[in-house]
Amino acid sequence: SGVDTIRPMAQLLKPHVAVVTMVQLEHFSSFKALENVAREKRALVEALGPDGLAVLNADDPNVLAMASGGAHRLVTFGESETADYRVADISAAYPRTLSFTLHWRAGVLKL
């Protein structure tokens, strides 16, 4: 993968769902800058049609910036108070199992 590779593939494949978890400078030799990574991932979201769904991490400002400008549906997740699906009270201490509280429009779920 590298700069200007996702847009042509996304236009060809016409995705129905785009999930963007984070924008980090992975594959530095290909992307060179964080802005290039963000632009590539945004291309996937921009390829969604009106019936598409973007699932975006509300905790990463670079990802959340992808929320504007599309006709597709949008769902956000994360620890942010503004997330549609917000996690809180996360516990992953061994030997106990992972547990957290999920807040969403229908209420609260302790998992």
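Bear in mind that the values in this text are calculations on the coordinates, not laboratory data. Everything numeric here is computed off the predicted structure, so don't read it as measured data. For neighbour counting, all protein chains shown are included, and Cβ atoms are generated from backbone atoms with ideal geometry for every residue, glycine included.
Key figures for this structure:
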read-out: Trypsin sites (Lys or Arg not before Pro) within segment 1-108: DSSP coil, no more than 14 neighbouring Cβ in 10 Å; value: Lys32, Arg96, Arg105
read-out: For segment 58-108, share of DSSP beta bridges that run antiparallel, in % to the nearest 5; value: 75 percent
read-out: In range of the label at Leu53: residues from segment 92-107 whose backbone nitrogen is under 13 Å from the point 7 Å along Cα→Cβ; value: none
read-out: Computed over segment 1-54: relative contact order in percent, which uses C-alpha pairs under 8 Å that are six or more apart; value: 51 percent
read-out: Nonlocal amide H pairs with Val19, under 5 Å, H built at 1.01 Å; value: Val55
read-out: Using alpha-carbon coordinates, inclination of helix 34-46 to the longest axis of the chain, degrees; value: 90 degrees
read-out: Computed over the chain: relative contact order in percent, which uses C-alpha pairs under 8 Å that are six or more apart; value: 19 percent
read-out: DSSP beta bridges in the chain [antiparallel fraction, %, rounded to 5]; value: 40 percent
read-out: Kirkwood estimate for segment 6-83, i.e. one over the average of 1/r between Cα atoms, Å; value: 12.7 Å
read-out: Counted charge near Asp60, where neighbours are those whose Cβ lies closer than 12 Å (Asp, Glu -1; Lys, Arg +1); value: -1
read-out: Computed [θ] at 222 nm, helices only, for the chain once each DSSP H run of length n ≥ 4 contributes -39500 (n - 2.57); value: -6500 deg cm²/dmol
read-out: Residues listed by number, segment 49-83, amide nitrogen under 18 Å from Arg7 label point at 7 Å toward C-beta; value: 49, 66-71
read-out: FRET efficiency, 1/(1 + (r/R0)^6) with R0 30 Å, evaluated for Ala33 and Val75 via beta carbons; value: 0.60
read-out: Those GluC sites (Glu not before Pro) in segment 1-95 that DSSP places in a loop and that have at most 15 other beta carbons within 10 Å; value: Glu26, Glu79, Glu81
